[in-house]
Amino acid sequence: MISCIVTDLDGTLLNHESKISPQNVESLKMAQEKGVEVIVATGRNYPDVIEIFKDTGLKTWIIAANGATIHAPEGNRFDHVPMDKQKAMKLLQWLEERDYYYEVFSNDYLYSPQRGRQLIEIELDRLCTANPEISRAELEKHAMTQFSQTGFSYINSYKEIEMPTIDVYNILAFSFDKQKLDAGWETFKDDPSITLVTSGTYNFEFEHKDASKGNALVKLAKHLGVPLKDILAMGDSMNDLSMLEKVGYPVAMGNAREDVKNASIEIAETNDEHGVANTVKRLVLSSIAI
């Protein structure tokens, strides 16, 4: 019997406008009222998740930064796995020297270069000029989703965050240039000192080698006394695979990547069709006596 629900945010609990539908909110609250534990597991930074949830009345455990941090519903940090600082600085140097837009997830801020948005505009102009059939408006939506996060602090150089008091949980590189995305992936895919994942079409992300949604979920499930076989997890992207592979009820969204669907026992409706709500009602609430 399912006693815990874990849901990704982007592409899963959030629709294409990065909003939570009333149906999704209601279903999770109903599950909580019936004694089911609810956990959010996302690639976003913790302060950004709090901003998204502020008007929903939902309070859950939050696995953020792709598993690098875990926060309790009351807001206190339960666990964290920061990157080796020297390694993080080398990765940021590599990105900066090659004109990548990047974001550094830390304790309180999302650090990003001052000229980061200018870099994205340049890439957009080049891509749309070379490919007139491409929808610039659609690409701009992806960029605005990235830029609309909470807690930005703009820096002139990665060297501004070298001090040891600033933890680095996740480094996200974003680009509309496929060659740059491929170069980043090929350069670091075999690096044993980091975890390399992607949470969207236009990014790749670095973390500590032991940081993943799956590892964080194992820690939290043990703390909560919840067997992994009794957990329902829902996701859509590559960074969700580590948790989907560990639970008894892995469910992919209708809009999920094929490899995510292949790792799941069921395919839900899309994130624009309240797939989380429908899945919770079908697999969880229907089996609990009213």
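The values are calculated or read from the model by the stated rules, or taken from the named source; none is laboratory data. Small disclaimer: the values here were computed from a predicted structure and weren't measured. Virtual Cβ from ideal backbone geometry, glycine too; neighbours counted across all protein chains shown. Remember, those area values only see protein heavy atoms, side chains included, never the ligands or the DNA or RNA. Shrake-Rupley method; radii C 1.70, N 1.55, O 1.52, S 1.80 Å.
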### Query
Within region 35-46, can you find the residues that are farther than 24 Å from Met238 by Cβ and not in a loop (DSSP other than H, G, I, E, B)?
Glu37
### Summary
Checked against (1) touching a residue at least 12 places away in the same chain (Cβ under 8 Å); (2) open to solvent by 10 Å² or more (accessible area, probe 1.4 Å); (3) out of contact with any Lys or Arg (no Cβ under 9 Å at 6 or more places or on another chain), Ser193 satisfies every condition except (3)
### Message
With the requirement that a residue be crowded, with 22+ Cβ neighbours inside 10 Å and in a loop (DSSP other than H, G, I, E, B), what does region 250-263 give you?
### Response
Met253, Ala256
### Summary
Over region 199-220, the set of residues under 22 Å from Glu266 (Cα atoms) and open to solvent by less than 50 Å² (accessible area, probe 1.4 Å) is Ser199, Gly200, Lys213, Gly214, Leu217
### Selection within region 1-49 - open to solvent by 60 Å² or more (accessible area, probe 1.4 Å), touching a strand residue (DSSP E or B) at 6+ places or on another chain (Cβ under 9 Å) and modelled with pLDDT under 95
none
### Query
Between residues in region 12-34 that are outside any loop (DSSP other than H, G, I, E, B) and residues that are of a type in the set (Gly, Ala, Ser), which pairs lie under 6 Å by C-beta distance while being six or more apart or on different chains?
Gln23/Ala277; Asn24/Ala277; Ser27/Ala277
## Note on the structure
By residue number, the members of region 102-124 that are without any contact (Cβ under 8 Å) to a residue 40 or more places away in the chain and either open to solvent by less than 30 Å² (accessible area, probe 1.4 Å) or over 10 Å from Phe176 (Cα atoms) (or both) are Arg115, Gly116, Arg117, Gln118, Leu119
### Query
Which of the residues that make up region 75-101 are open to solvent by 80 Å² or more (accessible area, probe 1.4 Å) and either touching a Ser or Thr at 6+ places or on another chain (Cβ under 8 Å) or in a loop (DSSP other than H, G, I, E, B) (or both)?
Asn76, Arg77, Asp84, Arg98
### Query
Glu133: in a helix (DSSP H, G or I) and open to solvent by 30 Å² or more (accessible area, probe 1.4 Å), yes or no?
no
